[in-house]
Amino acid sequence: MSAFLAAVRREPVPHTPVWFMRQAGRSLPEYRKIRAGTGMLESCRTPDLVTEITLQPVRRYGVDAAIFFSDIVVPVAAVGVPIDIKAGVGPVLDEPVRTAADVAAIRDLTPEDVPYITEAVRQLVGELGDTPLIGFAGAPFTLASYLVEGGPSRSYTNTKALMYGAPDIWHALCAKLAGIARVFLEVQIAAGARTVQLFDSWAGALSEADYRRYAMPHSAAVLDGLTVPRIHFGVGTGHMLEAIAEAGADVVGVDWRTPLDVASARLGAGYAVQGNLDSIVPFAPVEVIEREVRRVLAEGAKAPGHVFNLGHGVMPDTDPDALKRIVDLVHEN
């Protein structure tokens, strides 16, 4: 068994496994070259391109797992929601989803809607050999925030207004998105993904009470009963790690704000942890990088299982050599 799969199952490991969120992407010159002139959604629907992009960081860094190259809005677009991904902005929607009729117009996802996902995962599994592939999806709250806001937001004003003011519409939307996200994960698992990660990037905008009421049941609907280990990650969720775990996790992703030993003590023996080097540390001098990597390793060693990662995604202008240095250092310790 790979070090990564052992760690997520809280079993002994030959070394601490490491991979990076957004390891396949803008920080790699080979990625920018192969993506030149091809839109994000088109890239995600092209199996040969997805395969190559997913493999690039595995070749360059020697990481212990590959993360499937896609985007959280791919399954939403696949069911006909007119969402696009604008370079430098993110997912955008000209007509936000805010009424019961808007929600009713969103249909369920079927495997037949995303044949390119099945093909790409199968290709990757064949290419990766013993290196596990991580499938992923966006959590209902984060997906809903994009659909309700019409794009990225700092305040989530429209999202929270719908959540508080029309909870019936809110829950109907999140239930629909939970079904879509679950099928998207099941397609990846059926094609060979060995683990999945649910990204709830914006859940940190909620209090724990609001998360439990308005978001947690829908994330649980995505994750409950999946047949592979589940990683559950949110940004700014240090105040509610227990709820993130309870929603469905074998591994809880921890951002850079909460020490891993503190997080693990709160979560208990039933969960491994993932993280959590600050994404800006790779820009620091070598001696700082080495010190911080060792600190994260020491804190993670106190958990029943630890997958080394950043506390968020790789920044676009990160030096790939710095990430390679981090991988080597993690494997040596």
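Exactly one condition in (1) over 27 Å from Gly275 (Cα atoms); (2) in contact with an Asp or Glu (Cβ under 8 Å, 6 or more places away or on another chain); (3) hydrophobic (A, V, I, L, M, F, W, C) is false for Ala104; which is it?
Failing condition for Ala104: (2).
Can you find even one residue in the stretch 94-113 that is part of a strand (DSSP E or B) and at pLDDT below 95? Steps first, answer last, please.
Our first condition is that a residue be part of a strand (DSSP E or B); within the stretch 94-113, this holds for none.
Looking through the stretch 94-113, none of the residues is part of a strand (DSSP E or B) and at pLDDT below 95.
Among the residues of the stretch 150-184, which ones are among the basic types (Lys, Arg) and more than 19 Å from the chain's Cα centre (by Cα)?
Step one: filter the stretch 150-184 for residues among the basic types (Lys, Arg), giving 154, 160, 176, 182.
If the condition is that a residue be among the basic types (Lys, Arg) and more than 19 Å from the chain's Cα centre (by Cα), then Arg154, Lys160, Lys176 are the ones that fit.
Pairs only if they're at least six apart or on different chains, beta carbon under 8 angstrom, first in the stretch 29-54 and closer than 25 Å to Asp321 by Cβ and in a helix (DSSP H, G or I), second of a type in the set (Asp, Glu) and at pLDDT 95 or above; list them, first residue then second.
Ile34/Glu52; Thr51/Glu127
What number of residues within the stretch 64-89 satisfy the criterion of being outside any loop (DSSP other than H, G, I, E, B), touching a residue at least 60 places away in the same chain (Cβ under 8 Å), over 19 Å from Lys176 (Cα atoms) and of a type in the set (Val, Ile, Thr)?
1
Output the residues belonging to the stretch 159-185 that are under 15 Å from Tyr214 (Cβ atoms) and either among the β-branched types (Val, Ile, Thr) or surrounded by fewer than 17 Cβ atoms within 10 Å (Cβ to Cβ) (or both).
Thr159, Ala161, Tyr164, Gly165, Ala166, Pro167, Asp168, Ile169, Ala172, Ala175
Any residue at all in the stretch 254-272 that's among the charged types (D, E, K, R), under 22 Å from Val18 (Cβ atoms), part of a loop (DSSP other than H, G, I, E, B) and modelled with pLDDT of 95 or more?
Applying the first criterion (among the charged types (D, E, K, R)) to the stretch 254-272 yields 255, 257, 261, 266.
Imposing the further condition that a residue be under 22 Å from Val18 (Cβ atoms) reduces the set to 255, 257, 261.
The next check asks that each one be part of a loop (DSSP other than H, G, I, E, B); those that pass are 255, 257.
Retained after the next criterion (residues that are modelled with pLDDT of 95 or more): 255, 257.
Yes, because at least one residue in the stretch 254-272 is among the charged types (D, E, K, R), under 22 Å from Val18 (Cβ atoms), part of a loop (DSSP other than H, G, I, E, B) and modelled with pLDDT of 95 or more.
Give the stretch 210-219 a look and list any residue that's under 17 Å from Gly165 (Cβ atoms) and either assigned to a loop (DSSP other than H, G, I, E, B) or hydrophobic (A, V, I, L, M, F, W, C) (or both), or say none.
Restricting attention to the stretch 210-219, the residues satisfying the condition of being under 17 Å from Gly165 (Cβ atoms) are 210, 213-215.
Answer for the stretch 210-219, where residues must be under 17 Å from Gly165 (Cβ atoms) and either assigned to a loop (DSSP other than H, G, I, E, B) or hydrophobic (A, V, I, L, M, F, W, C) (or both): just Ala215.
Let me spell it out: the conditions are (1) over 14 Å from Gly300 (Cβ atoms); (2) touching a residue at least 40 places away in the same chain (Cβ under 8 Å); (3) not in a loop (DSSP other than H, G, I, E, B), and Gly248 meets all of them except one. Which number is the exception?
(3)
Looking at Val8, Val92, which is the one that is in contact (Cβ under 8 Å) with a residue 12 or more places away in the chain, buried (at least 21 other Cβ atoms within 10 Å of the Cβ) and hydrophobic (A, V, I, L, M, F, W, C)? Walk me through it before giving the result.
Working: Val92 fails: buried (at least 21 other Cβ atoms within 10 Å of the Cβ).
Going through Val8, Val92 in turn, the sole match is Val8.
Evaluate the following for Glu287: is it more than 29 Å from Ile72 (Cβ to Cβ) and either in contact (Cβ under 8 Å) with a residue 12 or more places away in the chain or not in a loop (DSSP other than H, G, I, E, B) (or both)?
On the way: more than 29 Å from Ile72 (Cβ to Cβ): yes; either in contact (Cβ under 8 Å) with a residue 12 or more places away in the chain or not in a loop (DSSP other than H, G, I, E, B) (or both): yes.
So Glu287 passes the test.
On the phi < 0 side of the Ramachandran plot, at pLDDT below 95 and either surrounded by 17 or more Cβ atoms within 10 Å (Cβ to Cβ) or of a type in the set (A, V, I, L, M) (or both): is that true of Ser219 in this structure? Give the derivation first.
Numbers: on the phi < 0 side of the Ramachandran plot: yes; at pLDDT below 95: no; either surrounded by 17 or more Cβ atoms within 10 Å (Cβ to Cβ) or of a type in the set (A, V, I, L, M) (or both): yes.
No.
Of all residues in the stretch 120-157, which are in contact with a Pro (Cβ under 7 Å, 6 or more places away or on another chain) and in a helix (DSSP H, G or I)?
Within the stretch 120-157, Ala120, Gln123, Tyr146, Leu147, Val148, Glu149 qualify.
Quick one: what pairs do we get from the stretch 296-312, first residue assigned to a loop (DSSP other than H, G, I, E, B), second acidic (Asp, Glu) and surrounded by 21 or more Cβ atoms within 10 Å (Cβ to Cβ), C-beta under 7 Å, 6+ apart or different chains?
Correct list of pairs: Gly311/Asp255; His312/Asp255.
The values are calculated or read from the model by the stated rules, or taken from the named source; none is laboratory data. Only a predicted model underlies this, so the values are computations on that prediction, with no experimental measurement involved. So basically every Cβ, Gly included, is an ideal-geometry build from the backbone, and we count neighbours across all protein chains shown.
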